[in-house]
1. Can you tell which of GLY142, GLY147 is open to solvent by less than 10 Å² (accessible area, probe 1.4 Å) and touching a Phe, Trp or Tyr at 6+ places or on another chain (Cβ under 7 Å)?
2. Pairs only if they're at least six apart or on different chains, beta carbon under 7 angstrom, first in segment 27-50 and open to solvent by less than 10 Å² (accessible area, probe 1.4 Å) and hydroxyl-bearing (Ser, Thr, Tyr), second in a helix (DSSP H, G or I) and within 16 Å of the ligand (Cβ to nearest atom); list them, first residue then second.
3. Go through the residues of segment 106-125 one by one and say whether even a single one is farther than 16 Å from THR208 by Cβ, among the small types (Gly, Ala, Ser) and open to solvent by 50 Å² or more (accessible area, probe 1.4 Å).
4. Taking the residues in segment 226-243 that are small (Gly, Ala, Ser) and closer than 18 Å to ILE158 by Cα as candidates, determine which candidate is farthest from the ligand (Cβ to nearest atom).
5. Any idea how many residues of segment 1-60 are of a type outside the set (Lys, Arg) and modelled with pLDDT of 50 or more?
6. Report whether or not LEU194 is in contact (Cβ under 8 Å) with a residue 24 or more places away in the chain and under 21 Å from SER116 (Cα atoms).
7. Name the residue, out of LEU316, LEU303, that is out of contact with any helix residue (DSSP H, G or I) (no Cβ under 7 Å at 6 or more places or on another chain) and closer than 25 Å to SER217 by Cβ.
8. Determine whether segment 165-172 contains at least one residue that is open to solvent by less than 60 Å² (accessible area, probe 1.4 Å) and within 15 Å of the ligand (Cβ to nearest atom).
Amino acid sequence: MTEIENNKGQAEDLVIDKQYRLQEKSKAIEIIKRGMDIAREEIPKGRVATYIPELGKVDPHQLGIVINPLKGEKICMGDYDARFTMQSVCKVIMLIVALELCGRDEVFSNVGMEPSGEAFDSLVELDVSNSKPYNPLINSGGLALCGLLLPELSFQDILRFTRSICSDPEIVLDEVVYQSEMKTCSRNRSIAYLLQSKGILKKDVEDTLRFYTKMCSMSATADSLSNLGVILANDGVCAETGKRFMPSRTARIVKTLMLTCGMYDGSGTFAIKVGIPTKSGVGGGLLSVSDKRAGIGVFGPALDTQGNSIAGCKLLREISNDLRLNLFYDPEWNKETEEENDIIRGIRGSHVI
Ligand code: DON
């Protein structure tokens, strides 16, 4: 396990805006370290994904994080540079590319914008109650997007874009994981045929499955995910180079869907407890975007029952408020308790409760 703490930056480094900056960097490192210790205790409660046999071989004890502030230096801890397959995290990339290539109208006439309340690989709601996938971040939605991108776009095009937006030239197709999933993807194959039967998937089922599964098998690190995250946090622009990767409208749609649908049937709870738009993958990756503040990449391959990194979620929960990463964080929060008490006293006094 590698551990670095990039301690060179100044206190201002952690967040973009002084209004939000209540912690010094050394304090932030302390908070993250404490969060890591607490999060590690969750690992035995989780399990690596075994429905893709190759993922079942991954060491579940790994845990790493990179906080990549919009202004300032990264903080990297634990297994921050371990490689893992993106799995569903790549649906964020599929969505960005589809919005750019096909436009908003075409994308959202083929996938919805609503949380499904079902597991990521569910067919039920698609079959029974809807004519299209509930959203682009579940498997049915990802497969539908792949159908829109083929054949104009090749996997090599996506790989090139992914390397660029993640600032990671070492991202490759993990052939072993790809082959392993292709042998066991009967659920996704069923979803693809269901999409075909509903007229959503108009491309060849096997071509679409291969394209989708290759994207899921791109190898990333917590560091590369944090690089993608900070571009989304900055509305589509790389702050270092000034390069725009997507219009701000696209970044806004992606972040909104990450908040409402990124953690599947755990999205509501995660939004309440953590409050950071996040997309998970069964490889153990979490891509989080603390808007205007930081991109965050996490790796922890032991998963909870919803297929989200169990220790990674705990870690984000532990650091979210203390580092002021919560979407709804307000510098006035500290005053809130007193105000809340006043309000409650007022309500009680008026006999409402
Ligand atoms: O399609 C699948 O089932 C996987 N390649 C990806 C699923 C996934 O990552 C769900 N996320 N937590």
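1. None of the other options fit; the residue is GLY142.
2. none
3. Yes, the conditions are met somewhere in segment 106-125.
4. The residue in question is GLY236.
5. Residues flagged as of a type outside the set (Lys, Arg) and modelled with pLDDT of 50 or more within segment 1-60 amount to 29.
6. Judged against the criteria, LEU194 is a match.
7. LEU316
8. no
The values are calculated or read from the model by the stated rules, or taken from the named source; none is laboratory data. All figures in this text were calculated on a predicted structure; none of them were measured in a lab. In this analysis, Cβ positions are derived from the backbone assuming ideal geometry, glycine residues included, and neighbour counts consider all displayed protein chains. Surface areas here come from the heavy atoms of the whole protein model, side chains and all, with no ligands, DNA or RNA. Shrake-Rupley method; radii C 1.70, N 1.55, O 1.52, S 1.80 Å.
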